[in-house]
Amino acid sequence: MTRIWVTLATRDERDWGHLPPAEERAQAVRAAEVAGLEGVVAPYDLGGEESTVLVGDALRHTRWAQALHEFHVAAFNPVYAAKIAASFQRFSAGRLAWAPLVTAPTTSQRRPTSTSADDWYARADEFLTVARGVWTQETFDFDGTYYQVKGGGFREALAGLPFPRVHLTGSDDDALALSAKHADVHVFASAQEVAKRGPLVVEQARALGREVQLGIRLSVLVRESADEAQAAADRDRNLDLVGSYAQVADELGRLAAQGVGTVILDVRPRIEETYRIGEHLLPLVRTTTPDLETTGVR
């Protein structure tokens, strides 16, 4: 089962100059749904628009596609983050997913203020424990280093909703250990990381009686032929995967054979390329990966 997502813009890219940014983003969400993709990703961008707002807007503009909320754990109290997620799940019929970020690129985001990765991952462990605890238990107590909860637990309107599928990232030992304990999907940044570190996180999760699916995030450019793709790629050096529809479909098939069940694609311009993926790439991917799962309009 392969789930294919596309990322949304967090800044004014103005690919379609005749549309205001909000409408352009809405069109990108609709493109993902019409293309038959799993959904859209609202990326965390410290200098861009707030991903919490973007994910709510995305869910409003689609009936079937899901929305993946990327956020930094330092930005929220876990009980409040869970309450926001529960409201999204209630209003969207359970179409929200989570992508919590742990490490911090700037000192202003480092909570706890220590630069120790051990501290960051310990806090993230508590964050996810508390969020799931108040979600699944009517009475939840927790006395941790970073969070304390007494008599927490969702009831009435917030109770009984599906907890968001958790997507975590990273390739170091701390990241894999956190995913083994909490993630539904561990998203790597390259095929090399998938091959080298993917089996480790799967094994660690199984040792805990859990299953973790592998994922990958790629910047992609596809065209009818490899030459056409390369000519277009010469204008953008920040690409992971460039090729014809058949070549890229074959590569996604190889990744699926390695256990990759989630693929997050960054494509630009977002609207046109999303439709291109749906029309030309997905039919081939369904051939190379027969158990491909999509949730959008066929």
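The values are calculated or read from the model by the stated rules, or taken from the named source; none is laboratory data. What you see is a predicted model; the values in this text were computed from it and never measured. Counting neighbours? That spans all protein chains shown, and the Cβs are built from the backbone with ideal geometry, glycine included.
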Self-check item: Criterion: surrounded by 13 or more Cβ atoms within 10 Å (Cβ to Cβ) and not aliphatic (A, V, I, L, M) - qualifying residue of 155, 206, 165
Solution: 165
Quiz item: Mind checking whether some residue in the stretch 242-260 is in contact (Cβ under 8 Å) with a residue 24 or more places away in the chain, outside any helix (DSSP H, G or I) and buried (at least 22 other Cβ atoms within 10 Å of the Cβ)?
Solution: yes
Practice problem: Report yes if residue 118 is charged (D, E, K, R) and either modelled with pLDDT under 95 or farther than 25 Å from residue 40 by Cα (or both), otherwise no. | Solution: yes
Quiz item: Within the stretch 85-103, which residues are hydrophobic (A, V, I, L, M, F, W, C), surrounded by fewer than 17 Cβ atoms within 10 Å (Cβ to Cβ) and in contact (Cβ under 8 Å) with a residue 24 or more places away in the chain?
Solution: 91
Quiz prompt | Sole exception among (1) within 19 Å of residue 66 (Cα to Cα); (2) out of contact with any strand residue (DSSP E or B) (no Cβ under 8 Å at 6 or more places or on another chain) for residue 279, by number | solution = (1)
Quiz item: Considering the stretch 56-99 alone, what residues qualify as being aliphatic (A, V, I, L, M) and under 23 Å from residue 147 (Cβ atoms)?
Solution: 73, 74, 75, 79, 81, 82, 84, 85, 86, 96, 97, 99
Exercise. Kindly indicate the residue of the stretch 38-59 that is charged (D, E, K, R) and under 17 Å from residue 5 (Cα atoms) and also surrounded by the fewest Cβ atoms within 10 Å (Cβ to Cβ) among those meeting that condition.
Key: 57
Practice problem: Could you please find all residues in the stretch 76-98 being under 15 Å from residue 154 (Cα atoms), in contact with a strand residue (DSSP E or B) (Cβ under 8 Å, 6 or more places away or on another chain) and of a type in the set (Phe, Trp, Tyr)? | Solution: 88
Quiz item: Does residue 231 meet the test of being surrounded by fewer than 16 Cβ atoms within 10 Å (Cβ to Cβ), hydrophobic (A, V, I, L, M, F, W, C) and not in a loop (DSSP other than H, G, I, E, B)?
Solution: yes
Quiz item: For the stretch 121-223, list the strands (runs of 3 or more DSSP E) that sit wholly inside it and hold at least 2 residues that are under 21 Å from residue 76 (Cα atoms), modelled with pLDDT of 95 or more and in contact with a strand residue (DSSP E or B) (Cβ under 7 Å, 6 or more places away or on another chain); which are they?
Solution: 140-143, 148-152, 165-169
Exercise. Can you run down the residue pairs with Cβ atoms below 6 Å, 6 or more apart or on separate chains, where the first is in the stretch 272-290 and within 19 Å of residue 255 (Cβ to Cβ) and in contact (Cβ under 8 Å) with a residue 12 or more places away in the chain and the partner is of a type in the set (S, T, N, Q) and in a helix (DSSP H, G or I)?
Key: none
